[in-house]
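A short write-up of the structure that comes next.
The values are calculated or read from the model by the stated rules, or taken from the named source; none is laboratory data. No experiment lies behind these values; they were computed from the predicted model shown. We place every Cβ from the backbone using ideal geometry, glycine too, and count neighbours over all the protein chains shown.
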Amino acid sequence: MKKVLVAEDEASIREFIVINLKRSGYDVVEAADGAEALREYDAHNGDFDVVLLDIMMPEIDGIEVCKQLRKKSQSVGIIMLTAKTQEMDKVTGLLVGADDYVTKPFSPAELMARVDASYRRVAMNKMGGELGQEQNDRIELGEFVLDTRSRTLKKNRIPIDLTQVEFQIMEYFFQNPGAALDRADILNKVWGSSYFGEEKVVDVNIRRLRMKVEDDPSTPKHLVTIWGLGYKWVE
């Protein structure tokens, strides 16, 4: 069963989200604040594919809940629910480990497109990559080894913890080493062609990846910016 945790303090919005998730075949657990969300996550032994987190919640806000969930799991999909005025909160949420965000008000189609995309990434991870994949399981570039079957990345044989979005970005770079990839292509490849959001989600995830893969994130040698276009991977 596809399972989602919904943490939203406004009952009407939470009910709207839950109804649409259930209509799409998801098993849903609800939480009215951040503290309850963490309790529910632990009570279900982390058995969730996707977590929807409102940023502004009583008890514990969504940013802190996201931080704590990422310490518990790199694989669960996390989507932040934000208001249009919460621009910095969107970036902060992505930097602390969220995969995506949805800006209120949102349509059922937009919500489900985001949740479905997140679920597919998590499901692929559980299957150990795409079914039927027989070649190119390992891609070695310099000191890095990316394994598409186990969905892991190692640097000098040391594992690097990646979220599913981060892994998909790295996989795209490793399949196209040295090629300049524009933000729109990365967005389409990782978040899907039905993504409603902004390209800055790519920039924030690149910042997060640099903190994990670069010796000096402020002077990246591998994840290099191509000004006016996007990024490329350099060995």
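Observations, loosely collected:
- Filter result for Ser118 (free of Cβ contacts under 8 Å to residues at least 40 places away in the same chain and either surrounded by fewer than 19 Cβ atoms within 10 Å (Cβ to Cβ) or touching a Gly at 6+ places or on another chain (Cβ under 6 Å) (or both)): no
- Of the criteria (1) assigned to a strand (DSSP E or B); (2) of a type in the set (Val, Ile, Thr); (3) surrounded by fewer than 17 Cβ atoms within 10 Å (Cβ to Cβ), which one Ile139 fails: (3)
- Listed by first and then second residue, the pairs with beta-carbon distance under 6 Å, at least 6 apart or on different chains, first residue in the stretch 68-82 and under 18 Å from Asn125 (Cα atoms) and assigned by TED's automatic domain parsing to the domain that holds Ala117, second of a type in the set (D, E, K, R) and part of a loop (DSSP other than H, G, I, E, B), are Gln74/Asp161; Gly77/Asp99; Ile78/Asp99.
- Residue check for Val96: in contact with a strand residue (DSSP E or B) (Cβ under 8 Å, 6 or more places away or on another chain) and under 17 Å from Leu38 (Cβ atoms): no
- The helices (runs of 4 or more DSSP H) found entirely in the stretch 1-119 that carry 3 or more residues being basic (Lys, Arg) are 11-23, 62-72.
- Condition met for Asp116 (in the same structural domain as Ile19 (by TED's automatic domain parsing), of a type outside the set (S, T, N, Q) and within 20 Å of Lys67 (Cα to Cα)): no
- Residue selected from the stretch 76-97 under the condition surrounded by 17 or more Cβ atoms within 10 Å (Cβ to Cβ) and among the small types (Gly, Ala, Ser), by the criterion nearest to Ile160 (Cα to Cα): Gly97
- Annotation note: of Asn176, Asn205, the sole residue that is touching a residue at least 12 places away in the same chain (Cβ under 8 Å) and over 15 Å from the mean Cα position of the chain (by Cα) is Asn176.
- Boolean, Glu30 is within 21 Å of the chain's Cα centre (by Cα), among the charged types (D, E, K, R) and modelled with pLDDT of 95 or more: yes
- Inter-residue pairs, beta-carbon under 9 Å, first without any contact (Cβ under 8 Å) to a residue 12 or more places away in the chain and in the stretch 146-158, second in a strand (DSSP E or B) and of a type in the set (Asp, Glu), 6+ apart: Lys154/Asp147
- Just one of the listed residues (Gly34, Gly62, Gly77) is over 20 Å from Val201 (Cβ atoms) and of a type in the set (Gly, Ala, Ser), namely Gly34.
- Index of the failed condition, Val190 passing every other in (1) of a type outside the set (Phe, Trp, Tyr); (2) under 23 Å from Tyr119 (Cβ atoms); (3) without any contact (Cβ under 8 Å) to a residue 24 or more places away in the chain: (3)
- Selection status of Val102, touching an Asp or Glu at 6+ places or on another chain (Cβ under 8 Å) and under 19 Å from Ser24 (Cα atoms): yes
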